[in-house]
1. Percent of Cα-Cα pairs per 5 Å bin, from 0 to the last occupied bin, for the chain, please list those.
2. Among Asn11, Asn56, Asn45, which one moves the most in a GNM of the chain with springs linking Cα atoms closer than 10 Å?
3. Roll a 1.4 angstrom probe over the protein heavy atoms and tell me the percent of accessible area of the chain that is carbon or sulfur.
4. Assuming 0.36 nm per residue, please report the length gained on full extension of the stretch Asp83 to Asn11 beyond their Cα-Cα distance.
5. Which value, in debye to the nearest 20, gives the size of the charge dipole of the chain about its Cα centre, when Lys and Arg are +1 and Asp and Glu are -1 at the Cβ?
6. Might you tell me the accessible area per residue for the chain, computed with a 1.4 Å probe and given in Å²?
7. So for the chain, taking the charge dipole from beta-carbon charges (+1 Lys/Arg, -1 Asp/Glu), which of Leu53, Ala19, Leu40 sits furthest toward the positive end?
8. What residue among Glu15, Glu28, Glu72 has the largest mean-square fluctuation in a Gaussian network model of the chain, using Cα springs under 10 Å?
Amino acid sequence: MRSAIAIDDENMALEVIKAHASKSPFLELHAVFSDAIQGLEYQRNSPVDLVFLDINMPDISGIDLAAMLPKETLIVFTTAYSDFAVKGFELDALDYLLKPFPLSRFMKACQKAQE
């Protein structure tokens, strides 16, 4: 079982991630954050295996935040922008989900994390 958090400034996106995560038998979503700094602080104090991370956020971009996470943290970018895919994979992201993503695509990313 993989432990996870989600960081996204859009509440609707967080609700989708929570709904999808509740259907995954090998994922435990510990918390969701609409504030990137709070999410980063949580990860530092209570590390999880996997972070679902938006890219375009007001205080700090997901790209910059990903660079601050411990190297062993798995990252799945969840964004509406395909422009950052190459940069995401340069940061060794596990996956890159384009919003709106269906449950099947979310489950594929979770399966990668589990493997």
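1. Going out from 0 Å in 5 Å bins, the chain shows 2, 13, 27, 28, 22, 8, 0 percent.
2. The residue that fluctuates most here is Asn45.
3. On the way: 3100 of 5930 Å².
Carbon and sulfur atoms account for 52 percent of the accessible area of the chain.
4. Details: separation 72, 0.36 × 72 = 25.92 nm, distance 2.23 nm.
Stretched out fully, the Asp83 to Asn11 stretch lengthens by 23.7 nm.
5. Details: 10 positive and 17 negative charges, 93 e Å.
Taking the Cα centre of the chain as origin, the dipole is about 440 debye.
6. Here the residues of the chain average 52 Å² of exposed surface.
7. Going by the Cα projections, it comes out as Ala19.
8. In the Gaussian network model the winner is Glu72.
The values are calculated or read from the model by the stated rules, or taken from the named source; none is laboratory data. These figures come from a predicted structure and were not determined experimentally. Positions of Cβ are backbone-derived with ideal geometry, glycine not excepted, and every protein chain shown enters the neighbour counts. Ligands, DNA and RNA are stripped out before the accessible areas are found, and what is left, the full protein with its side chains, is counted by its heavy atoms. Shrake-Rupley method; radii C 1.70, N 1.55, O 1.52, S 1.80 Å.
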